[in-house]
Amino acid sequence: MGVGILGGAFDPPHDGHVALARAAIDHFGLDSLLVRVVASPGHKEVDAAVADRLALAEVAFARVPEAEVALDVFARTVDSLEALALEEPVFLIGADELAGFLDWKEPERVLELARLGVATRPGYSQEVLDRALERLSHPERVEIFPLEPYDIASSDIRERVAAGRPLDGLCPPEVAEEIARRGLYRD
C-alpha cells in the first residue's frame, strides 16, 4: 500500500497544492495521501490560526478521495516522520524545497524514514535540481516527477484577499468561500 505525505502550513491551501496531491497520487500509485497541516511551522510565520488552516485544508482536499487531512503537531519533518513510523512513505515537496533540503533538521534521517517525491516547479531548472541531488548521500531516495506549472503562492492569495480582489483560478471555490466566511486575511 503506497502512502504519501504532503505537509505544510496551508496558509491558505491553493490549486497548486491540490494539483500536486493529484499528480503524486497518479505518479506514485498512492493508495492514500496524508495531508498534514503543520500547527507551528519552524521555518515560517503563519497568518491564520491552526484551526482555520486545518478547516481550509479539509475543504481544499475534499475532492481528493485518497486524501486524509490531519493536524501535525511537529514543527520539523523528521520529528513528524519519526512519530508516524510508516513503512516507505513518499514525502512530497516542491523543487524549491529540494534546493534547501540540506538545511532541514536531520535531512539524512528524513531520507531514511521516507522517499522524497519532488514536484517540478517553475523557475527551478534541471541543473538546479541536479546540483541539489549531488549533495545528498542517498539521491536514489529522491524521485522527481512532473507537475503542470502553477504559478500560485499562498502569499498571493492573502494579498488578494486583503485587497478585496477575487480568488478565481487560484484556489478551490470552497476555499475562497471559507476564507470569506471566517473573515481571514483581511487587513
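The values are calculated or read from the model by the stated rules, or taken from the named source; none is laboratory data. As the structure is a computational prediction, the values presented were derived from the model and not from experiment. In this analysis, Cβ positions are derived from the backbone assuming ideal geometry, glycine residues included, and neighbour counts consider all displayed protein chains.
The lone criterion from (1) of a type outside the set (A, V, I, L, M, F, W, C); (2) more than 23 Å from residue 26 (Cα to Cα); (3) over 20 Å from the mean Cα position of the chain (by Cα) left unmet by residue 107 is number (3).
Rundown of residues vs (1) surrounded by fewer than 20 Cβ atoms within 10 Å (Cβ to Cβ); (2) not charged (D, E, K, R), yes/no style:
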| position | (1), (2) |
| --- | --- |
| 56 | no, yes |
| 61 | no, yes |
| 77 | no, yes |
| 83 | yes, yes |
| 115 | yes, no |
| 119 | no, yes |
| 131 | yes, no |
| 139 | yes, yes |
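In the range 88-98, the residue that is surrounded by the fewest Cβ atoms within 10 Å (Cβ to Cβ) out of those that are modelled with pLDDT of 95 or more and of a type outside the set (Val, Ile, Thr) is 88. Of the residues making up the range 17-54, those that are of a type in the set (Gly, Ala, Ser) and either surrounded by fewer than 22 Cβ atoms within 10 Å (Cβ to Cβ) or on the phi > 0 side of the Ramachandran plot (or both) are 19, 23, 29, 32, 39, 40, 42, 48, 49, 51. Among the residues of the range 154-170, none qualifies, meaning not one is over 30 Å from residue 49 (Cβ atoms), loosely packed, with under 14 Cβ neighbours inside 10 Å, free of Cβ contacts under 8 Å to residues at least 40 places away in the same chain and under 20 Å from the mean Cα position of the chain (by Cα). Just one of the numbered conditions (1) over 13 Å from residue 98 (Cβ atoms); (2) of a type in the set (Lys, Arg); (3) out of contact with any Phe, Trp or Tyr (no Cβ under 9 Å at 6 or more places or on another chain) is not true of residue 158; which one? Residue 158 satisfies all of (1) over 13 Å from residue 98 (Cβ atoms); (2) of a type in the set (Lys, Arg); (3) out of contact with any Phe, Trp or Tyr (no Cβ under 9 Å at 6 or more places or on another chain) except (3).
It is to be established whether one or more residues within the range 16-39 are closer than 28 Å to residue 187 by Cβ, acidic (Asp, Glu) and in contact with a strand residue (DSSP E or B) (Cβ under 8 Å, 6 or more places away or on another chain). Looking for residues that are closer than 28 Å to residue 187 by Cβ, acidic (Asp, Glu) and in contact with a strand residue (DSSP E or B) (Cβ under 8 Å, 6 or more places away or on another chain), one finds none in the range 16-39, hence no.
Kindly indicate whether residue 175 is β-branched (Val, Ile, Thr) and over 19 Å from residue 13 (Cβ atoms). Taking the combined requirement at face value, the residue does not satisfy it.
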